[in-house]
Amino acid sequence: MRTIDVHEVIDNARFNRFHWRVLCWCALIIIFDGYDLVIYGVVLPMLMKDWGLSPLQAGALGSYALFGMMFGALFFGPLSDRIGRKKAITLCVMLFSGFTVLNGFAGNPTEFGICRFIAGLGIGGVMPNVVALMNEYAPKKIRSTLVAIMFSGYSLGGMLSAGLGIVLIPSFGWQSVFYVAIVPLLLLPLIMYFLPESVGFMLRQGRNEQARKVLQRVDPAYVAHATDQLHMTEVKGRGTPVLQLFREGRAMRTLMLWLAFFCCLLMVYALSSWLPKLMANAGYSLGSSLSFLLVLNFGAIFGAVGGGVLGDKLNLPRVLAVFFSIAAVSITLLGFNSPMPVLYLLIAIAGATTIGSQILLYACAAQFYSMAIRSTGLGWASGIGRNGAIVGPLLGGALLGISLPLQLNFMAFALPGAIAAIAMAVFAISCQRSSKGVASRLVPTSV
């Protein structure tokens, strides 16, 4: 009888076809997740025109999905620790895809808002679960990079949303971009078949034979025996999962993560919702304004992947602190007159350090929390952050409603970046002190 350390098998595995499959399916889910979310910023100018919405009303309407995302993250994160990642992801895809399609049939703001709220439940719930699943199966040396690559699907979805908006809306109306969201529902049987369940959940359920088969796919060098005892530390948590986020020296870092999530998501959704409208007010055409949204999400891909690589080689919390500082500067500069190439560059940098940083924050949280509380930790960080996402569109609507100069609008959007930079610096210092404390306890004292 052998005792097999599951963490050791996964951590030391070579990247192979199994990892590709998990990466591709998780990324595909995130692509449509991003599409369904960014779509509101794409159709916002048309909705305001068709339904006669004021800026404040439009901001409130945009926040309905974000309220749903907050509750979805808080609910489906912990739920997946009980029913499994695969079931939770399936439920979330059904919600966000189905109700985004129904948005195209909405005849008034009330119907539209209800559908956006329910879709938001799925959008918010799926994010922590796919991050936790990818983090669980990724080899240790490239974990941050793989999570960042997977989460870059969010930016691809945003680009797809803006690109299809440029093509479809002039000919078929704003409703057409919502109908595209039916694709994930059509792919759901394949997702359910190919996406693996969490190995930790299988062990908690006593499904050892299935867990051994999955481990063989993770690392073909591991040859499973029927008598193998699979060992996985922290498969079961002690006490209430939410309270565990504040125990064993995690309180300060949990609070700093929550603050960084709040500020980051405020910037992301303020820009995603209002960038086209702000640029249209500045004199740019609808096509040009949507192209800015395209560049914002394009920059996010480079920020996420580049930041993931730097995080694996250096220190992810410190990388995030630097990214947030750059975000504050680049967003502030957007409010000043610049040549078109410089403007596009600033928007790309802003996308890299806001949306890209959001992606890296999920990777950071996934690595910080142990497997027993990972989905709960990710769900609560995302859920708390959704309050920032709710504030973002409302803040943009309020600023436009009082007709502030363009520079002050962007300075208001940049301030959370400076706060998030401080939060991640405190997080990094706390991590360093904690690791030194552990190391000192391991060093034997002389007698």
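The values are calculated or read from the model by the stated rules, or taken from the named source; none is laboratory data. Keep in mind that what you see is a predicted model, and the values were worked out from it rather than measured. In this analysis, Cβ positions are derived from the backbone assuming ideal geometry, glycine residues included, and neighbour counts consider all displayed protein chains. Side chains are part of the model used for accessible areas, which takes the heavy atoms of the whole protein and leaves out ligands, DNA and RNA. Shrake-Rupley method; radii C 1.70, N 1.55, O 1.52, S 1.80 Å.
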The chain: relative contact order as a whole-number percent, Cα under 8 Å and 6+ apart: 26
Residues of segment 301-326 with amide nitrogen under 16 Å from the 7 Å Cα-to-Cβ point of ILE419? 324-325
Label-point separation in nm, LEU243 to PHE302, each point 7 Å along Cα→Cβ: 4.9
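Using the per-residue mean of other Cβ atoms lying within 10 Å as a proxy for protection, in what order, highest first, do the peptides 319-331, 259-271 fall?
Working: 319-331: 23.3, 259-271: 28.2.
Packing proxy ranking, top to bottom: 259-271, 319-331.
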Work the Kirkwood hydrodynamic radius out for segment 119-173: mean of 1/r over every pair of different alpha-carbon atoms, inverted, in Å. 13.1
The chain: most fluctuating residue of GLY59, GLY283, GLY311 per GNM, C-alpha cutoff 10 Å: GLY283
Which residues in segment 134-156 place their backbone N less than 11 Å from a point set 7 Å from the Cα of GLN367 along the Cα-to-Cβ direction? 140-148
Full-extension gain between LYS140 and LEU164, please, as 0.36 nm times their residue separation minus the C-alpha to C-alpha distance. 4.9 nm
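Using only alpha carbon pairs under 8 Å that are at least six residues apart, calculate the relative contact order of segment 10-143 and give it in whole percent.
That works out to 38 percent.
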Roll a 1.4 Å probe over the protein chains and send me the accessible area per residue for segment 301-447 in Å². 41
Determine the dipole magnitude for the chain: charges of +1 sit on the beta-carbon of Lys and Arg, -1 on that of Asp and Glu, nothing else is charged, the reference point is the Cα centre, and the result goes in debye to the nearest 20. 1040
Approximate shape of the chain as ellipsoid semi-axes (Cα gyration tensor, √5λ), whole Å, largest first: 38, 25, 18
Label ALA221 and ASN315 with points 7 Å out from Cα along Cα→Cβ: what is the distance between them in nm? 3.1
Within segment 118-146, which residues have the backbone N less than 19 Å from the label spot 7 Å out from ARG207 along Cα→beta-carbon, could you tell me? 129-138
Using a 1.4 Å probe on the protein heavy atoms, what percent of the accessible area of the chain belongs to carbon and sulfur? 67
With θ set to phi - 60° and the Karplus curve 6.51 cos²θ - 1.76 cosθ + 1.60, what are the ³J(HN,Hα) couplings of segment 323-338 in order, to the nearest whole Hz, using x for Gly and Pro? 4, 5, 4, 5, 4, 4, 5, 5, 5, 4, 5, 5, x, 10, 5, 9
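Divide the volume of the convex hull of the Cα atoms of segment 1-80 by its number of residues and quote the answer in cubic angstrom per residue. Before the final figure, lay out each step's value.
Values: hull volume 11.2 nm³, N = 80.
It comes to 140 Å³ per residue, whole-number rounded.
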Between LEU190 and LEU406, how high is the FRET efficiency from 1/(1 + (r/R0)^6) when r is the Cβ-Cβ distance and R₀ = 45 Å? Nearest 0.05. 0.45
Binned Cα-Cα distances of segment 241-374, short to long, each 10 Å bin given as a whole percent: 12, 40, 28, 14, 6, 0
Taking H as built 1.01 Å from N, whose amide H comes closer than 5 Å to the amide H of ALA13, not counting residues under 5 places away? LYS140
Between LEU230 and residues 5 or more places away or on another chain, which pairs have amide H atoms under 5 Å apart, with H built 1.01 Å from N, and which residues are they? ILE4
Hey, what do the phi angles of segment 360-376 turn into as Karplus ³J(HN,Hα) couplings, whole Hz, using 6.51/-1.76/1.60 and θ = phi - 60°, x for Gly and Pro? 5, 4, 4, 4, 5, 5, 5, 7, 6, 8, 5, 4, 5, 10, 5, 5, 5
The chain, Gaussian network, Cα under 10 Å: of ARG21, ARG433, ARG212, the residue fluctuating most is ARG433
³J(HN,Hα) across segment 269-275 via Karplus (A = 6.51, B = -1.76, C = 1.60, θ = phi - 60°), whole Hz, x for Gly/Pro? 7, 5, 5, 5, 7, 10, 4
So what's the gap between the Cα centers of segment 1-56 and segment 161-175, to the nearest angstrom? 22
Among SER338, SER152, SER291, determine the one that fluctuates most according to a GNM of the chain built with springs between C-alpha atoms less than 10 Å apart. SER338
